[in-house]
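Chemist: Got a structure for you, written out below as structure tokens; questions coming shortly.
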Amino acid sequence: MTSPAGLPAIERLPYDLARIRRDFPILKREVGSGAGLVYLDNAATSQRPVQVLAEITRFYRDHNANIHRGVHTLSVEATELYEQARAKVARFIGAAGPREVIFTRNTTESINLVAHAWARKFLRPGDEVVISEIEHHSNIVPWQMLRDERGITLKYIPMLPDGTLDLDYARTAITGRTRLVAITAMSNALGTIVPLDVIVAQAKAVGALVLVDGAQSVPHLPVDVQALGVDFLAFSGHKMLAPFGIGVLWGRLPLLESMDPFLGGGDMILTVSMERSTWAEVPAKFEAGTPNVGDAVALGAAVDYLTALGMDAVREHERALTGYALRRLADVPGVRIFGVPDADRRGGVISFELEGVHPHDVGQVLDTKGVAIRTGHHCAQPVMLALNVPATARASFYIYNTTAEVDALASGLEDVARFFGVR
Amino acid sequence: MAESGLLDDLYREIILDHYRQPRNRGAAIEPTCSADGANPLCGDQVRVDVALVDGVIGRIAFSGHGCSISQASASMMTEYAKGRTAAEALRGVDAFQQMMLTGEPPEVDGFDDVAALAGVAKFAARVKCASLAWKTLAQALAEGGGQVTTDDGSR
């Protein structure tokens, strides 16, 4: 990893689960009728460590001002902190430089930015965008809207029954007319890790760009955009220890420079007259209006926290925990697990059903035992259709989860089955 | 599970009874009006078929799938509605919606079992589940029937 000038190196810490858990005070709270919290809804949003909470407070207490063009001390400091956070994110994902990092609200906004600023400028009727059946709605709907507006062709790589993608079909779906392959690196509904190397090779063979939805992968897997060979990467801060409302679009600099602006307004212009305007340089061109400075700075702290743990260690922790959970849940009578049965090919996300009990009821009863899971379609209705289920229950892990928490989930599910009289 | 009084408020025995042994589910009737209801966020779906005879609900049936609350509520709704006039049934729908707001069972004739759902009001995420069949009944009784959704776009 290259270290941009001015950024302090991050000292690597051993993976000490007890110490990590102490950094998250919320994990000590009780819910419902006095049960200790077992937070297994990390694919929806992570918890935040004291280091990130302290950074938010520190920014507003000591450095708060609007950024850019201010001559006073606070504005200069706030600008430096904001740009330093950009550099931290760039280093974290292996960007060529901080200018390739655009701050947005979230993954959804990042993908929409590409759909508006790149696709509307460069795509013509008949051009193809290829997505997959396991995408989150945020990587489906913007392309459907673009298709309906601009007459592009939208194709998708189907899901196989085990939750992986039909890569043979991908070979035929990605053609000489394909201009963009927009694909998730990890399914939020099933945890499937997509073999991006295969998809990128197919896309590059026909000269198509690749946009990766990294909402689930960047928080949980080592990600290096150079090694991946992709062109855009979208992700959200709130799933990786940072606050809500801050997200990232990474893009290759020449690509970003070729694009039109997204939103118009302050900060994204070079000059404005009553007749016309000219655009600021990247990344300011894509950051119209006052940005979410405080949360961007806090994202920098979150990235530092993850860097100190090491993303390889984060992945190994979750791989081991997921393997344990797959074995443990398989032993619970009536539990049916969706997706690949192999922790090497899935992230820390386990979608399942308990035979005879609706996922809503599973989640409700688990909540009384302090176990927080998500139930529903997980903003991936095509996956539910492919599985032929209306909804699933989903447990998802992060850096602080333990095997004891998996045990609490498993024994909770046994109680649910008893409660509804299905066992 | 006796340790959780809150849970017992939600899953009253009479509710679980309707869930396990739903009344008027999938009954074959010749409907004069019907409606489909959906709660897209949780995947609940219900269809309500009504056979009106001289303004009175002679027969009623529901089908679909969903959580215990939505299915039990649909079962109770059919028991409540059968034999009542359309106008009276619509007043029952209003009373049910009011119960979901207040958590208080209303003084309504025929709400004996239905009153057990009052505890759902404490669980904001489940009110949509309980309301679905009732909204769908109102839609079926409205002119022409049609579709109804509890999804107001909120999360």
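Chemist: Considering only residues that are buried (at least 17 other Cβ atoms within 10 Å of the Cβ) and within 14 Å of chain A (Cβ to nearest Cβ), which ones fall in the stretch B:52-68?
Modeler: So the first thing to find is which residues in the stretch B:52-68 are buried (at least 17 other Cβ atoms within 10 Å of the Cβ), and the list is B:52, B:57, B:59-62, B:64, B:66-68.
Matches in the stretch B:52-68: B:G64, B:G66, B:C67, B:S68.
Chemist: Which residue, of A:G323, A:G310, A:G334, A:G300, is more than 14 Å from chain B (Cβ to nearest Cβ) and without any contact (Cβ under 8 Å) to a residue 40 or more places away in the chain? Write out each step before concluding.
Modeler: Values: A:G310 fails: without any contact (Cβ under 8 Å) to a residue 40 or more places away in the chain; A:G334 fails: without any contact (Cβ under 8 Å) to a residue 40 or more places away in the chain; A:G300 fails: without any contact (Cβ under 8 Å) to a residue 40 or more places away in the chain.
It is A:G323.
Chemist: Would you mind finding the one in A:A115, A:A87 that is crowded, with 18+ Cβ neighbours inside 10 Å, of a type in the set (G, A, S), more than 19 Å from A:F232 (Cβ to Cβ) and out of contact with any strand residue (DSSP E or B) (no Cβ under 7 Å at 6 or more places or on another chain)?
Modeler: Result of the check over A:A115, A:A87: A:A87.
Chemist: If you check A:L228, A:L249, which single one turns out to be in contact with a helix residue (DSSP H, G or I) (Cβ under 8 Å, 6 or more places away or on another chain), assigned by TED's automatic domain parsing to the domain that holds A:R179 and without any contact (Cβ under 8 Å) to a residue 40 or more places away in the chain?
Modeler: Numbers: A:L249 fails: without any contact (Cβ under 8 Å) to a residue 40 or more places away in the chain.
A:L228 is the lone residue from the list that is in contact with a helix residue (DSSP H, G or I) (Cβ under 8 Å, 6 or more places away or on another chain), assigned by TED's automatic domain parsing to the domain that holds A:R179 and without any contact (Cβ under 8 Å) to a residue 40 or more places away in the chain.
Chemist: Also, I was wondering about something else. Would you check if there is a residue in the stretch A:267-276 being under 18 Å from A:K121 (Cβ atoms), surrounded by 19 or more Cβ atoms within 10 Å (Cβ to Cβ) and not aromatic (F, W, Y)?
Modeler: For the stretch A:267-276, residues under 18 Å from A:K121 (Cβ atoms), surrounded by 19 or more Cβ atoms within 10 Å (Cβ to Cβ) and not aromatic (F, W, Y): present.
Chemist: Regarding the stretch A:223-243, can at least one residue be identified that is more than 21 Å from A:V129 (Cα to Cα), of a type in the set (D, E, K, R), surrounded by 24 or more Cβ atoms within 10 Å (Cβ to Cβ) and modelled with pLDDT of 95 or more?
Modeler: Of the stretch A:223-243, the ones more than 21 Å from A:V129 (Cα to Cα) are A:223-224, A:226-227, A:236-243.
From the residues that got through so far, the ones that are of a type in the set (D, E, K, R) too are A:224, A:239.
After this cut, where a residue has to be surrounded by 24 or more Cβ atoms within 10 Å (Cβ to Cβ) as well, the list is A:239.
Those left that are additionally modelled with pLDDT of 95 or more: A:239.
Within the stretch A:223-243, one or more residues are more than 21 Å from A:V129 (Cα to Cα), of a type in the set (D, E, K, R), surrounded by 24 or more Cβ atoms within 10 Å (Cβ to Cβ) and modelled with pLDDT of 95 or more.
Chemist: OK, next. Which of the residues that make up the stretch A:343-361 are of a type in the set (G, A, S) and within 14 Å of chain B (Cβ to nearest Cβ)?
Modeler: A:S351, A:G356
Chemist: I would also like to ask the following. Within the stretch B:41-49, can one find any residue that is within 11 Å of another protein chain (Cβ to nearest Cβ), part of a helix (DSSP H, G or I) and in contact with a helix residue (DSSP H, G or I) (Cβ under 9 Å, 6 or more places away or on another chain)?
Modeler: Taking the stretch B:41-49 and keeping what is within 11 Å of another protein chain (Cβ to nearest Cβ), we get B:41-45.
Subset that is part of a helix (DSSP H, G or I): none.
No - not one qualifying residue is present in the stretch B:41-49.
Chemist: Taking the options A:K239, A:K285, name whichever one is assigned to a loop (DSSP other than H, G, I, E, B) and in contact with a Pro (Cβ under 6 Å, 6 or more places away or on another chain). Give the derivation first.
Modeler: Details: A:K285 fails: assigned to a loop (DSSP other than H, G, I, E, B).
Answer to the selection: A:K239.
Chemist: In the stretch B:15-31, is there at least one residue being within 16 Å of B:C67 (Cβ to Cβ), part of a helix (DSSP H, G or I), in contact (Cβ under 8 Å) with a residue 12 or more places away in the chain and among the β-branched types (V, I, T)?
Modeler: yes
Chemist: Evaluate the stretch A:364-379: report whether one residue or more is in the same structural domain as A:T403 (by TED's automatic domain parsing), over 26 Å from A:G421 (Cβ atoms) and hydroxyl-bearing (S, T, Y). Even if it seems obvious, please write down each step before you answer.
Modeler: Step one: filter the stretch A:364-379 for residues in the same structural domain as A:T403 (by TED's automatic domain parsing), giving A:364-379.
From what is left, the residues that are over 26 Å from A:G421 (Cβ atoms) are A:377-379.
Pick out the ones that are also hydroxyl-bearing (S, T, Y) and you get none.
The answer is no, given that none of the residues of the stretch A:364-379 is in the same structural domain as A:T403 (by TED's automatic domain parsing), over 26 Å from A:G421 (Cβ atoms) and hydroxyl-bearing (S, T, Y).
Chemist: Could you tell me which residue of the stretch A:157-180 is surrounded by the fewest Cβ atoms within 10 Å (Cβ to Cβ), considering only residues that are farther than 18 Å from A:Q216 by Cβ and of a type in the set (S, T, Y)?
Modeler: It comes out as A:T172.
Chemist: Then there's this: Report the residue count in the stretch A:369-404 for those that are within 28 Å of B:D8 (Cβ to Cβ), surrounded by fewer than 23 Cβ atoms within 10 Å (Cβ to Cβ) and aliphatic (A, V, I, L, M).
Modeler: Qualifying residue count, the stretch A:369-404: 2.
Chemist: With (1) among the acidic types (D, E); (2) within 13 Å of chain A (Cβ to nearest Cβ); (3) without any contact (Cβ under 8 Å) to a residue 60 or more places away in the chain as the list, and B:D9 as the residue in question, which single condition is left unmet?
Modeler: Only one criterion in (1) among the acidic types (D, E); (2) within 13 Å of chain A (Cβ to nearest Cβ); (3) without any contact (Cβ under 8 Å) to a residue 60 or more places away in the chain is unmet by B:D9, namely (3).
Chemist: Oh, and also: Please find, within the stretch A:362-403, the residue that is farthest from A:D41 (Cα to Cα) out of those that are within 10 Å of chain B (Cβ to nearest Cβ) and among the aliphatic types (A, V, I, L, M). Working first, answer last.
Modeler: Taking the stretch A:362-403 as the starting set, the residues that turn out to be within 10 Å of chain B (Cβ to nearest Cβ) are A:362-365, A:367-369, A:375-377, A:379, A:381, A:384, A:389-392.
Checking the rest, the ones that are also among the aliphatic types (A, V, I, L, M) come to A:362, A:365, A:384, A:389, A:391.
Numbers: A:V362: 14, A:V365: 15, A:M384: 18, A:V389: 20, A:A391: 16 Å.
For the stretch A:362-403, the residue satisfying everything is A:V389.
Chemist: For the stretch A:406-423, enumerate the residues that are away from every other protein chain (no Cβ under 14 Å) and crowded, with 22+ Cβ neighbours inside 10 Å.
Modeler: Filtering the stretch A:406-423 down to residues away from every other protein chain (no Cβ under 14 Å) leaves A:406-410.
Answer for the stretch A:406-423, where residues must be away from every other protein chain (no Cβ under 14 Å) and crowded, with 22+ Cβ neighbours inside 10 Å: A:V406, A:L409.
Chemist: Now a separate question. Do we find a residue being in contact with a Pro (Cβ under 7 Å, 6 or more places away or on another chain), assigned to a helix (DSSP H, G or I), within 14 Å of chain A (Cβ to nearest Cβ) and within 20 Å of B:A115 (Cα to Cα) anywhere in the stretch B:77-100? Spell out how you get there, then give the answer.
Modeler: In the first step, residues of the stretch B:77-100 are kept if they are in contact with a Pro (Cβ under 7 Å, 6 or more places away or on another chain); the result is B:95, B:98-99.
Then keep just the ones that are assigned to a helix (DSSP H, G or I); that gives B:95, B:98-99.
Applying the additional criterion that residues be within 14 Å of chain A (Cβ to nearest Cβ) yields none.
No, the stretch B:77-100 contains no residue that is in contact with a Pro (Cβ under 7 Å, 6 or more places away or on another chain), assigned to a helix (DSSP H, G or I), within 14 Å of chain A (Cβ to nearest Cβ) and within 20 Å of B:A115 (Cα to Cα).
Chemist: Under 22 Å from A:I157 (Cα atoms), part of a loop (DSSP other than H, G, I, E, B) and away from chain B (no Cβ under 14 Å): does that describe A:V340? Break it down stepwise before answering.
Modeler: Numbers: under 22 Å from A:I157 (Cα atoms): yes; part of a loop (DSSP other than H, G, I, E, B): yes; away from chain B (no Cβ under 14 Å): yes.
Yes; evaluated as a whole, the condition is true for this residue.
Chemist: I need every pair where a residue in the stretch A:19-42 that is farther than 16 Å from A:V371 by Cβ has its Cβ under 9 Å from the Cβ of a residue that is aromatic (F, W, Y) and surrounded by 16 or more Cβ atoms within 10 Å (Cβ to Cβ), sequence separation at least 6 or different chains.
Modeler: Listed by first residue and then by second, the contacts come to A:I20/A:Y400; A:R21/A:Y400; A:D23/A:Y305; A:D23/A:Y400; A:F24/A:Y39; A:F24/A:Y400.
Chemist: In this structure, does A:A96 turn out to be under 24 Å from A:L263 (Cβ atoms), touching a helix residue (DSSP H, G or I) at 6+ places or on another chain (Cβ under 8 Å) and of a type in the set (A, V, I, L, M)?
Modeler: Values: under 24 Å from A:L263 (Cβ atoms): no; touching a helix residue (DSSP H, G or I) at 6+ places or on another chain (Cβ under 8 Å): yes; of a type in the set (A, V, I, L, M): yes.
Against the criterion (under 24 Å from A:L263 (Cβ atoms), touching a helix residue (DSSP H, G or I) at 6+ places or on another chain (Cβ under 8 Å) and of a type in the set (A, V, I, L, M)), A:A96 does not qualify.
Chemist: Which residue, of A:L27, A:L74, is assigned by TED's automatic domain parsing to the domain that holds A:V297 and assigned to a helix (DSSP H, G or I)? If you could, list the steps in order and put the result at the bottom.
Modeler: Numbers: A:L27 fails: assigned by TED's automatic domain parsing to the domain that holds A:V297.
Sole residue among the options that is assigned by TED's automatic domain parsing to the domain that holds A:V297 and assigned to a helix (DSSP H, G or I): A:L74.
Chemist: Looking at A:A87, A:A182 in this structure, which one is in a strand (DSSP E or B) and modelled with pLDDT of 95 or more?
Modeler: Numbers: A:A87 fails: in a strand (DSSP E or B).
When all the criteria are applied, what remains is A:A182.
Chemist: Then there is this: Go through the stretch B:26-51 and count every residue that is surrounded by fewer than 16 Cβ atoms within 10 Å (Cβ to Cβ) and under 13 Å from the mean Cα position of the chain (by Cα).
Modeler: Selection size over the stretch B:26-51: 0.
Chemist: Which condition number in (1) under 20 Å from the mean Cα position of the chain (by Cα); (2) more than 23 Å from A:N139 (Cα to Cα) is the one that A:E405 fails?
Modeler: With (1) under 20 Å from the mean Cα position of the chain (by Cα); (2) more than 23 Å from A:N139 (Cα to Cα) applied to A:E405, the lone miss is (1).
Chemist: Anything in the stretch A:388-423 that is in contact with a strand residue (DSSP E or B) (Cβ under 9 Å, 6 or more places away or on another chain) and among the acidic types (D, E)? List them, or say none.
Modeler: Selection gives A:E405 alone.
The values are calculated or read from the model by the stated rules, or taken from the named source; none is laboratory data. All values reported here derive from a predicted model rather than from experimental measurement. Ideal geometry is used to build each Cβ from the backbone, glycine not excepted, and the neighbour counts take in all protein chains shown.
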